[in-house]
Amino acid sequence: MVTYGRVEWVIDSFASYKSPGVDSIFLAMLQKGWEVVIPYLDRIFRACLATGYVPAIWRQVKVVFIPNPGRNSYSRPRDYRPISLILFLLRTMERLVHRYLRDEALALVPLHPNQHAYRAGKSVETVVDQLVVLVEKALDQQETVLCVFLDIERAFNNTCYNTMCDVLVKHSSEYTMVGWIRATLEGRMAVGTLGVLYLMLAMSRGYPQGGVLSPLLWCLVVDDLLAKLSGSVDFIQGYADDMSSRGGKIPKHGIRTHAMGPFNCRDMVQRGQTVGQSC
């Protein structure tokens, strides 16, 4: 998984002057000195992966708070979106792991076909188009369509680490890889500053916002939920922390009786909670 060529490829794939982490090292410094740096990084990354070790400084995340647009005031924490500025050394290794998971593990155990987020060839447009086609087909056949839309509250913040690691194992990830990913999450420290104020907090759950692996890890977690719900409903699809489900073909005058049948919203929420989410 870790080779000289792949490390070089990852370093070149990042923008040179993106905001650095707590070490204030810009990626341009690694790109300019790659001939000297890469041989050392190659050995460091191999050792970290083999031992499941992540240096403490790598687990310190600089948090910048971006105001959410369209708010009437900015007096509450939810009026801001936290962005994690992760050290480029960790981001480099995360991208190596991401490539392995995408090309190796997910080739053996693919994601649910109706997961449209963070995947090549899929987007917001494809998830909307898929649902619209199903609805239009039912309406053409003089049927009524019953749909439920779910939004998992603060999905990236609430997912527990055990859930993430369990789904990695289900998708044929190597145990050394799972151990290293767990090490990146546990003991993570969020470092925030505001003027002269400085605060460091230990994180006990959730994904780092802005992390290279975070979107894929979430897709793996919600994939388990999509698989569980597939047996309860006629159709299920997802885009990140949003899901929509169709309860099957309903005769024009049979909404009430059908809604009390197999399409059970409470069951959907309970199944969501079993994979460590807050619905």
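Database remark: amide H of T144 closer than 5 angstrom to the amide H of I250, K252 (H placed geometrically; neighbours at sequence offset of 5 or more, or on other chains; Pro and chain starts carry no H).
Considering only C-alpha atoms, what is the centroid distance from region 27-67 to region 162-176, in Å? Using only Cα atoms to place each centre, the spacing works out to 23 Å. Of the options [x] 41, 18, 15; [y] 33, 22, 19; [z] 39, 22, 17, only one is semi-axes √(5λ) of the Cα gyration tensor in Å as computed from these coordinates, and that is [z].
Using a Förster radius of 30 Å, what is the FRET efficiency between K18 and D151 based on their Cβ-Cβ separation? Nearest 0.05, please.
Details: r = 30 Å, r/R0 = 0.99.
FRET efficiency, K18 to D151: 0.50.
Simple rule: put +1 on each Lys or Arg Cβ and -1 on each Asp or Glu Cβ in region 1-94, find the dipole, and look at P20, V64, T51; the Cα lying farthest toward the positive end is V64. Taking max minus min of the alpha-carbon positions on each principal axis, region 1-88 gives extents of 51, 28, 21 Å, largest first.
Calculated over region 39-136, the projected area of the Cα convex hull averaged across directions stands at 10.8 nm². Heavy atoms of the protein chains alone define the surface here; on that basis region 192-233 has 45 Å² accessible area per residue at 1.4 Å probe size.
When you count, for each residue, the other Cβ atoms within 10 Å and take the mean per peptide, how do 79-90, 64-75 rank with the highest first?
On the way: 79-90: 18.5, 64-75: 9.5.
In descending order of packing, they fall as 79-90, 64-75.
Given charges of +1 on the Cβ of Lys and Arg and -1 on the Cβ of Asp and Glu, with all other atoms neutral, how large is the dipole of the chain about its Cα centre, in debye to the nearest 20? Could you put the intermediate results ahead of the total?
Details: 30 positive and 25 negative charges, 110 e Å.
Charge dipole, the chain, about its Cα centre: 520 debye, nearest 20.
Placing +1 on each Lys and Arg Cβ and -1 on each Asp and Glu Cβ, with no other charges, gives region 115-179 a dipole about its Cα centre of roughly 260 debye. In the chain, a dipole from Cβ-located charges (positive for Lys and Arg, negative for Asp and Glu) runs towards its positive end, and of M203, V97, V145 it is M203 whose Cα lies farthest in that direction. Apolar share of the accessible surface for region 29-72: 61 percent from carbon plus sulfur atoms, 1.4 Å probe. Between the amide H of Y80 and those of N68, distances stay under 5 Å, these residues lying 5 or more places away or on another chain, with hydrogens modeled in the peptide plane. Residue by residue, region 196-208 carries 3J(HN,Hα) couplings of 8, 7, 9, 9, 10, 10, 7, 9, 10, 6, x, 9, x Hz when phi is fed to the Karplus relation 6.51 cos²θ - 1.76 cosθ + 1.60 (θ = phi - 60°); x denotes Gly or Pro.
Taking 0.36 nm per intervening residue step and subtracting the Cα-Cα distance, what contour gain separates R76 from T3 on full extension?
Working: separation 73, 0.36 × 73 = 26.28 nm, distance 4.57 nm.
Net length gain for the segment: 21.7 nm.
Please build a GNM for the chain, connecting alpha carbons under 10 Å apart, and tell me which residue among R95, R76, R46 fluctuates the most. Per the Cα network of the chain with a 10 Å cutoff, R76 tops the list. Subtracting the Cα-Cα distance of A47 and D234 from their residue separation scaled by 0.36 nm leaves 62.6 nm.
Working note: 222 nm ellipticity from helices only, DSSP H runs with n ≥ 4, each -39,500 (n - 2.57), summed and divided by the residues of the chain, gives -13000 deg cm²/dmol to the nearest 500.
Solvent-accessible area assigned to carbon and sulfur over region 141-188 amounts to 50 percent, based on a 1.4 Å probe.
In whole percents, the pair-distance distribution calculated for region 26-77 from its alpha-carbon pairs, binned every 5 Å from zero, is 4, 13, 14, 15, 15, 9, 8, 9, 8, 5, 0.
Could you tally up the Lys pairs in the chain with alpha carbons closer than 15 Å? Skip any pair fewer than 8 positions apart unless they're on separate chains. So the count works out to 5.
What percent does the relative contact order of the chain come to when contacts are Cα pairs within less than 8 Å and at least six residues apart?
In percent, rounded to a whole number, it is 23.
The values are calculated or read from the model by the stated rules, or taken from the named source; none is laboratory data. Keep in mind that this is a model prediction, so the values were computed, not measured. Quick reminder, even Gly has a Cβ in these numbers, built from the backbone with ideal geometry, and neighbours come from all protein chains shown. Side chains are part of the model used for accessible areas, which takes the heavy atoms of the whole protein and leaves out ligands, DNA and RNA. Shrake-Rupley method; radii C 1.70, N 1.55, O 1.52, S 1.80 Å.
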